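Note sheet for the following structure.
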């Protein structure tokens, strides 16, 4: 659903000014999306600092030693004091947002309500959507479902279905394709507004919309890094 990390990038871009106090007004739609994707996009909590590291980590970036920032061994007071570790930039499609992470009901439906589906453990034990159940929880839920009549399973399923199909932001009914395309459009508009250009020499600005979205992502990464430097000073 989030090819190229477009949705996650837009939500992290929205979160930065919200958490840093640069934007006091909130967007109801974006707030709801942040809540619905809290586990997958923000790894459980919206960052208040270290925005680039949190962004890269949530998308599949890895901790890596940075030799260029190695501490000097002498006693010079001007020695580099920067950390020797950094979060690497995630590759595209390293970590994707899947229906199982967004909607318990959608995940069960796509699995044809098979007992081995991990989402049954979330339903059975009342776990939040997007929170990955453990193998032990999944195994226990499977045994419980096999041992009890299906009517009991429906009792557990009722709360999950009600919360995801009704209310102010029914995640099971959201058109996630529209969410994705809306976020790619946001990134394209940012790239054009900042007068960024596609990387291919002589490329027609209207020829490849995907490339404009990529430049929007690159701009966001630079913004996160700049915000971290500013907040650390």
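The values are calculated or read from the model by the stated rules, or taken from the named source; none is laboratory data. In this text the structure is predicted, and so the values were computed from the model without any measurement. FYI the Cβ positions are ideal-geometry reconstructions off the backbone, even for glycines, and counts take in every protein chain you see.
Here residue 173 fulfils each of the conditions (1) touching a residue at least 40 places away in the same chain (Cβ under 8 Å); (2) surrounded by fewer than 18 Cβ atoms within 10 Å (Cβ to Cβ) apart from (1). If you go through segment 184-199 and keep only what is under 14 Å from residue 13 (Cβ atoms) and either in a loop (DSSP other than H, G, I, E, B) or at pLDDT below 90 (or both), you end up with 191, 193, 194.
Might you check whether a residue that is modelled with pLDDT of 70 or more, out of contact with any helix residue (DSSP H, G or I) (no Cβ under 6 Å at 6 or more places or on another chain), in a loop (DSSP other than H, G, I, E, B) and surrounded by 14 or more Cβ atoms within 10 Å (Cβ to Cβ) occurs anywhere in segment 61-73? Yes - at least one qualifying residue is present in segment 61-73.
Residues that are part of a helix (DSSP H, G or I) and modelled with pLDDT under 75 within segment 95-134 comprise 99, 100, 101, listed in sequence order.
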